[in-house]
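This report refers to the structure that appears directly beneath it.
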Number of protein chains: 2
Amino acid sequence: MGTVDAMSSHGEYLKEIEVNIIDRKLVVVEEEPENIRAIKASVKVLLEGLGEDSNREGLIKTPLRVAKALLDGTRGYKQNVNDIVQGALFPEAGLDNAVGYAGGAGGLVVVRDLNLFSICESCLLPFQVKCHVGYIPSEERVVGLSKLSRVADVFAKRLQSPQRLADEVCSGLQSGIRPDGVAVVLQCWHIHSPEVEINCTSPHSLSSKQDIQGWEKILVSSSSGILENQNGDFWVDFTSLLKFRGVDVEKARTQPSINRYWCPYRHLHASCNGHSTPEGNPLIHRAPCKTESPLYAMQNAVSMMIQSLGDDPSRKELLGTPHRFVQWLMNYKKCDLESHMKMNGGGSVQVQDEFWSELNIPLQSLCEHHLLPFHGMVHVGYFHSKGAEPIKRSTLQSIVNFFGCKLQVQERLSRQIAETISLILGGDIMVVVEANHICMISRGIEKVGSSTATIAALGRFSNGPTAKATFLHSISNATSA
Amino acid sequence: MGTVDAMSSHGEYLKEIEVNIIDRKLVVVEEEPENIRAIKASVKVLLEGLGEDSNREGLIKTPLRVAKALLDGTRGYKQNVNDIVQGALFPEAGLDNAVGYAGGAGGLVVVRDLNLFSICESCLLPFQVKCHVGYIPSEERVVGLSKLSRVADVFAKRLQSPQRLADEVCSGLQSGIRPDGVAVVLQCWHIHSPEVEINCTSPHSLSSKQDIQGWEKILVSSSSGILENQNGDFWVDFTSLLKFRGVDVEKARTQPSINRYWCPYRHLHASCNGHSTPEGNPLIHRAPCKTESPLYAMQNAVSMMIQSLGDDPSRKELLGTPHRFVQWLMNYKKCDLESHMKMNGGGSVQVQDEFWSELNIPLQSLCEHHLLPFHGMVHVGYFHSKGAEPIKRSTLQSIVNFFGCKLQVQERLSRQIAETISLILGGDIMVVVEANHICMISRGIEKVGSSTATIAALGRFSNGPTAKATFLHSISNATSA
């Protein structure tokens with residue numbers, strides 16, 4: 001056995017691998033790459049900080065899944081624009097005997113509505129991007145259309161803020177394809193919920209500012225070359241073509257800028273893990289958590305994660321990130337039902353005859369397989385004695401929040417909500433949960449728009465079709481209304 | 001140098017590779033895989049059959065691009081369901097002291113609106129799929145949600161028909177995760193245009209049935225286990241959850257079945273490349289093209305391609321495919337402007353003062369980089385003498401068809417349309433082309449919904465902002481109307 005360097009036949013250096021030749025078999029000794037090992041160790045610290053047993057079956061592979069997803073989500077650190085556009089610049093004649101712009105000689109080319117995902121450098125949560133890219137060909141050369149998307153993705157797959165992402169895509173294309181000008185407009189959506197101190201010790205603390213379905217939205221732009229003058233003709237052409245698709249750049253511009261603080265977690269104060277803060281005085285921020293506290297260990301773990309992804313945790317924009325990420329994550333700390341939840345009823349078994357439903361109760365939770373949020377609506381159907389007061393919506397919301405605010409899978413969440421409500425209202429309960437899982441859209445499979453529904457049906461709802469059908473019908477009516 | 005087999009440290013067999021150790025460097029001898037080589041050779045035959053020079057710069061890498069795209073689009077032949085679901089089955093408790101279905105004990109789980117792409121086995125063009133999958137967990141085990149999407153994709157990435165795809169996804173999930181039941185509903189869209197004999201020798205032959213924007217649509221379903229009874233309660237739950245997302249399975253059912261012939265090319269008669277046909281008499285079908293004809297060589301090349309992708313060209317459903325694919329492709333045969341196009345005007349230079357526009361002229365063409373269709377709308381703006389007759393829409397449509405019916409890039413197409421119209425109407429012409437490129441959505445990057453716009457601006461449209469702005473504004477008004 002020995003360690004040798006591997007090269008491709010084109011002389012390209014591959015990597016140092018350990019090999020062993022036994023019986024004419026080349027045995028490649030696979031070691032887990034150092035960055036995966038480091039991220040897995042960090043995720044274990046986070047799971048334990050949440051009070052979870054990182055060895056239980058549902059969680060045992062979570063560190064590896066998170067590591068792979070994060071490395072995939074930041075693969076852009078290892079890519080560069082020239083590799084992508086090389087060989088994808090095609091000669092394309094300009095005009096023959098005519099005055100104007102067309103083809104390879106200045107005819108504007110725009111690709112609109114590219115769906116991308118990026119990771120917010122302030123809080124490490126994914127944000128969604130609709131990217132619009134335009135350029136003005138020069139020297140009778142055009143670039144393959146898909147390369148505009150691939151180049152944008154190189155920069156999206158890093159820890160980013162919207163404006164920097166726009167600037168980097170723009171300058172990457174300008175230097176990679178050397179056109180007469182480049183324009184980039186990004187619409188970005190950031191998952192929302194910071195005002196919601198969903199804390200399992202106080203399930204009633206939902207603030208009225210909560211808007212789980214609504215995401216923070218921002219529009220940013222960047223341009224270079226002859227598109228740099230955003231009062232010029234070419235910029236007007238570009239924005240006109242976006243307007244055909246319902247994107248009004250000028251209108252978005254006139255709205256007050258929320259750029260700097262678009263990340264809803266941005267206001268949380270900076271790191272307490274000993275790194276100096278933008279204000280330059282680490283002592284001020286050390287106070288909230290001591291070095292021996294689990295929070296301190298969790299924040300250090302997040303710093304390690306950032307480093308393993310290929311970014312610099314001491315970069316100014318990242319200084320507060322470990323603190324913010326951990327603060328967000330601690331919303332989902334494990335806690336016991338018994339010690340925190342005070343039920344106002346229980347085990348009522350009398351026949352209850354009136355059908356009631358409570359629809360569209362907002363839900364936010366955290367997928368235990370990927371440590372990424374899922375969010376949506378819960379619909380509850382039940383039977384109740386004629387004349388009795390129906391259960392309060394706020395009580396149902398508390399139950400949903402209580403089970404949402406921990407590591408979850410949607411199937412379990414649906415069952416737990418149904419079982420808990422049945423303690424209050426008796427055994428005839430049906431719960432439908434509809435949710436969007438960020439893990440379905442921000443990783444490799446990128447299934448934008450997919451949505452998961454689960455059903456838990458107890459008692460009368462499980463025995464006969466009528467009650468179930470009535471309830472499903474009531475949801476359908478409410479949804480299409 | 002020697003050939004050795006490579007094994008990973010887990011003992012998994014990798015592949016036979018040629019290696020050479022020089023100066024402690026392991027040199028891996030890279031050879032182009034046989035299937036890529038074979039597909040490249042086939043694509044060259046097709047390009048030459050279209051009358052193109054396969055060595056011109058825009059086409060020189062087309063065979064490799066097509067080979068990679070096709071292999072990526074059919075990667076499912078090399079995947080299997082068990083590899084995907086292995087390790088992704090999680091224990092999930094059923095109900096605690098209650099009667100009903102929930103969690104790991106029969107609580108229906110549905111993932112809706114998964115966007116996939118597949119390749120039509122009848123004509124080799126891609127078709128778009130919106131996939132809805134449900135299953136009923138058994139034995140207190142649930143599967144990671146993203147696996148439902150990954151398993152569906154294994155079967156989508158093959159040469160398919162909608163019904164077989166639904167059946168294979170269903171049985172793949174049934175045997176892979178062994179739940180109490182599986183249900184699959186697919187909405188499929190097939191690119192359309194077969195009635196449109198867009199033939200460059202007769203640019204006026206557009207049939208009135210043409211509906212370039214409209215795609216053929218079909219809804220199919222498949223189910224197993226306790227979901228098999230499509231009159232049963234569980235099936236009703238499943239379809240109710242789809243109805244929340246606007247998918248009405250029952251309504252689609254009552255419409256007349258177009259299943260067998262959903263591919264618009266399906267009616268074209270079968271192969272003339274010597275393979276026996278479903279009717280069993282190869283002689284009948286040999287008549288139309290002789291073995292020495294270029295069409296025969298092209299069809300053989302397509303058969304070779306199918307074989308290299310890992311399917312069997314003599315499989316019943318594939319027998320007519322080479323013939324159909326070549327017949328479709330020949331719509332885009334190269335031809336000269338001069339020999340076929342009779343212009344009714346030319347080079348008029350007087351000042352023309354009235355602004356005219358003709359919007360939303362349908363376009364269909366073939367991307368020369370990937371041999372995949374792109375389709376959309378052309379908008380034309382021009383100046384014309386007061387009182388004179390405007391150019392006929394049918395003339396503009398002919399020009400668009402003429403330049404659409406060959407291998408193209410959108411930038412060139414825009415320029416050629418503008419230049420040609422300027423021969424008829426003088427030098428003040430603007431052309432905006434908006435198109436969806438199938439190559440942007442059916443390959444690796446899968447940017448569903450992206451759309452490319454290009455501008456060619458001649459004469460007065462290029463000199464000052466007013467004419468251009470007026471024209472862009474008129475498109476904007478028409479689009480939002």
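Hey, does region A:93-100 have a residue that's out of contact with any strand residue (DSSP E or B) (no Cβ under 6 Å at 6 or more places or on another chain), on the phi < 0 side of the Ramachandran plot and not hydrophobic (A, V, I, L, M, F, W, C)? Among the residues of region A:93-100, at least one is out of contact with any strand residue (DSSP E or B) (no Cβ under 6 Å at 6 or more places or on another chain), on the phi < 0 side of the Ramachandran plot and not hydrophobic (A, V, I, L, M, F, W, C), which makes the answer yes. Just wondering, is there one or more residues in region B:432-445 that are farther than 20 Å from A:VAL142 by Cβ and surrounded by 21 or more Cβ atoms within 10 Å (Cβ to Cβ)? Yes, because at least one residue in region B:432-445 is farther than 20 Å from A:VAL142 by Cβ and surrounded by 21 or more Cβ atoms within 10 Å (Cβ to Cβ). Report yes if some residue within region B:443-458 is at pLDDT 80 or above and in a helix (DSSP H, G or I); otherwise report no. Scanning region B:443-458, I find no residue that is at pLDDT 80 or above and in a helix (DSSP H, G or I), so the answer is no. Quick check on B:GLY94: is it part of a loop (DSSP other than H, G, I, E, B) and among the small types (Gly, Ala, Ser)? Yes.
Of B:GLU389, B:GLU411, B:GLU434, B:GLU419, which residue is charged (D, E, K, R) and more than 9 Å from chain A (Cβ to nearest Cβ)?
Details: B:GLU411 fails: more than 9 Å from chain A (Cβ to nearest Cβ); B:GLU434 fails: more than 9 Å from chain A (Cβ to nearest Cβ); B:GLU419 fails: more than 9 Å from chain A (Cβ to nearest Cβ).
So the residue among B:GLU389, B:GLU411, B:GLU434, B:GLU419 that is charged (D, E, K, R) and more than 9 Å from chain A (Cβ to nearest Cβ) is B:GLU389.
Taking residues in region B:414-439 that are within 23 Å of A:LYS243 (Cα to Cα), and partners anywhere that are open to solvent by 30 Å² or more (accessible area, probe 1.4 Å), the pairs with Cβ atoms closer than 7 Å and at least 6 places apart or on different chains are B:ARG415/A:LEU95; B:GLU434/B:MET377.
Inside region B:27-78, can you point out the residues that are exposed (fewer than 14 other Cβ atoms within 10 Å of the Cβ), in contact (Cβ under 8 Å) with a residue 40 or more places away in the chain and touching a Pro at 6+ places or on another chain (Cβ under 7 Å)? Hits for region B:27-78: nothing passes.
Mind listing just one residue for me: the one in region A:56-91 that is part of a loop (DSSP other than H, G, I, E, B) and more than 8 Å from every other protein chain (Cβ to nearest Cβ) and, of those, nearest to A:VAL169 (Cα to Cα)? Applying the filter and picking the extreme gives A:ASN80.
If the condition is being part of a helix (DSSP H, G or I), open to solvent by 50 Å² or more (accessible area, probe 1.4 Å) and modelled with pLDDT of 90 or more, then region A:298-345 contributes A:ASN300, A:MET304, A:GLN307, A:LYS316, A:GLU317. Residues in region B:348-362 include at least one that is modelled with pLDDT under 85 and of a type in the set (A, V, I, L, M). Give the residue that is most open to solvent (accessible area, probe 1.4 Å), with candidates limited to residues of region A:229-265 that are at pLDDT 75 or above and closer than 30 Å to A:PHE325 by Cβ. Among them, the one singled out is A:ALA252.
The values are calculated or read from the model by the stated rules, or taken from the named source; none is laboratory data. Just so it is clear, the model here is predicted, and its values are computed rather than measured. As a convention, Cβ positions derive from the backbone with ideal geometry for all residues, glycine included, and neighbour counts pool all protein chains shown. With ligands, DNA and RNA removed, areas are computed over all heavy atoms of the protein, side chains included. Shrake-Rupley method; radii C 1.70, N 1.55, O 1.52, S 1.80 Å.
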